[in-house]
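A short write-up of the structure that comes next.
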Amino acid sequence: MKKKLLFVYPELMLGGSTTSLISLLKSINYDKYEVDLILYKNRGEYFNDLPEQVNILHEASIFIDSISSKLKKISKFFFSGTFLKGFYFELVYKKEIGINSQIMSLFHSNNSNKVEKNYDVAIGYLELWADYYVLQKVNAQKKIIWIHIDYLNTRFIPLIDYKRFKNADIIVCVSESCLLNFNKVFPQLSDKSIVLENLLLPQYVENMAEKREDIDVNLMKYDGLKLITVCRLSIHTKGLDRSIIAAKKLKVEGYNFRWFIIGDGEDFELMRDMIRKSNLINEIILMGEIKNPYPYIKQCDVYVMASRREGKPMAVTEAQILGLPIIVTNYSSAKEQVINGKDGIIVDNVDDAIYSGIKEILDNPILIKKFKENLLKRELKNEELIEKFNSILE
């Protein structure tokens, strides 16, 4: 008899964790496992990329896109005490005015449809709602949750999560550094926390990169250095203000480059305004959200990530698969992804360091060729990752 697996995920939005989830689902032995997937909302740019063997359940959200449903949600939000609780945690623990994101995720988990089916293994594949849902709403013999972030360097409140995490059977961190920092925060959970790196299928990335109809060829016609970043447009977390600082200094010094930034987010308009005020509209191209960014990545020379904190970003690995040298800040797992001076450059995690990394490439363009040659020698050990994933299902 096949083992019954349930995967839980918010929605199939653009992002590295989604790419990893799809790669994992494509690697499962469906002769051995029966797989269900429940999403908070049945939507997202990658919805149609799921393997046909995956059974997609009715979405978990009880709130539909209507005025009456939104009013119901607002009413529940206030009268359940969520507003006061969320405000309290944000003010007391972070000294900020707002509603705590963990409390909001718990609210959405509490107000989600429960899955009545019993499973052998249930997997929450992303922190916050997906993990909470597995731990609160699913009947399963084994519960596994994924932590894609560097928990120590986020602003999550451990007290909120410990009450839930202690009910998990296995807690997966995506890198050695993320595991180390997770165990610093939750030493009492170290006996159930493990490392399992994000799975990524090179063939999937390479095939997507060959879809020429997905690219604006005219936009990519440029003879200078082409930089690219793919991320959520969150200025503080992703260090996009650092990108503007670097670009401004490089332009003043007379360097020729164009920097393509793919993604959307809460700071899109703010970024556009910052670019305009810095007189960088010809140097930094905000491209918005693109379902298939891979053809654009392949057309560029160097991938840049200026983040202040990261878990183990899939975008870096995707760019490496497509042969791009990497310039990154020294976030917790940077040295697990990039070999400094061999296939990319790791700079200090400070505001002006990205400028130095790009300047080094501009001054020594032969480095790009050297880094690319070394990238060709690297291999992703997917077989080991798949074997380890199968082992935690038993």
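The values are calculated or read from the model by the stated rules, or taken from the named source; none is laboratory data. Just so we're clear, the structure is a prediction, and the values are computed from it rather than from any experiment. Cβ coordinates were reconstructed from backbone atoms using ideal geometry, including for glycine residues, and neighbour counts include every protein chain displayed. Side chains are part of the model used for accessible areas, which takes the heavy atoms of the whole protein and leaves out ligands, DNA and RNA. Shrake-Rupley method; radii C 1.70, N 1.55, O 1.52, S 1.80 Å.
With axes computed from alpha carbons, what is the tilt in degrees of helix 101-110 against the longest principal axis of the chain, rounded to the nearest 10 within 0 to 90? Taking Cα atoms only, the helix is inclined about 40 degrees. For the pair Lys26 and Lys377 in one chain, pulling the backbone fully straight at 0.36 nm per residue adds 123.9 nm over the alpha carbon distance. Of Lys359, Lys163, Lys369, the residue with the greatest mean-square motion in the GNM of the chain, using alpha carbon springs below 10 Å, is Lys163.
The GNM of the chain, with springs linking C-alpha atoms under 10 angstrom apart, assigns the highest mean-square fluctuation among Tyr133, Tyr33, Tyr151 to Tyr33. Protein heavy-atom accessible surface, 1.4 Å probe, per residue over region 54-201: 46 Å². Using 0.36 nm per residue and subtracting the Cα-Cα separation, the extra length available between Lys163 and Tyr88 on full extension is 25.2 nm. Cα centroid distance between region 333-394 and region 27-80, in Å? Taking the Cα centre of region 27-80 as reference, the centre of region 333-394 is 34 Å away. Based on C-alpha pairs under 8 angstrom that are at least 6 apart in sequence, the chain has a relative contact order of 13 percent. Of all lysines in the structure, the ones whose alpha carbon falls short of 21 Å from that of Lys4, not counting any fewer than 8 places away in one chain, are Lys26, Lys32, Lys114, Lys117, Lys137, Lys142, Lys143, Lys388. The stretch between Leu189 and Ser80, if pulled fully straight at 0.36 nm per residue, gains 36.2 nm over its current Cα-Cα span. Between Ser278 and Tyr33, the FRET efficiency estimated from the beta carbon spacing at R0 = 41 angstrom works out to 0.20. Each label was represented as a point 7 Å from its Cα along the Cα-to-Cβ direction; for Glu394 and Lys72 these points are 4.5 nm apart. Once the C-beta distance of Arg212 and Glu289 is scaled by a Förster radius of 30 Å, the resulting FRET efficiency is 0.95 to the nearest 0.05. Ordering Ser20, Pro10, Ala334 by the projection of their Cα atoms onto the charge dipole of the chain, which places +1 on the Cβ of Lys and Arg and -1 on the Cβ of Asp and Glu, puts Pro10 at the extreme positive end. Surface composition of the chain: carbon and sulfur make up 51 percent of the accessible area, probe 1.4 Å.
At an R0 of 51 angstrom, the distance between the Cβ atoms of Asn110 and Ile366 translates into a FRET efficiency of 0.35. Between region 192-226 and region 108-168, the alpha-carbon centres lie 30 Å apart. Along the axis of the charge dipole computed for region 151-209 (Cβ charges of +1 for Lys and Arg, -1 for Asp and Glu, origin at the Cα centre), the listed residues Asn183, Ile157, Gln203 are led at the positive end by Ile157.
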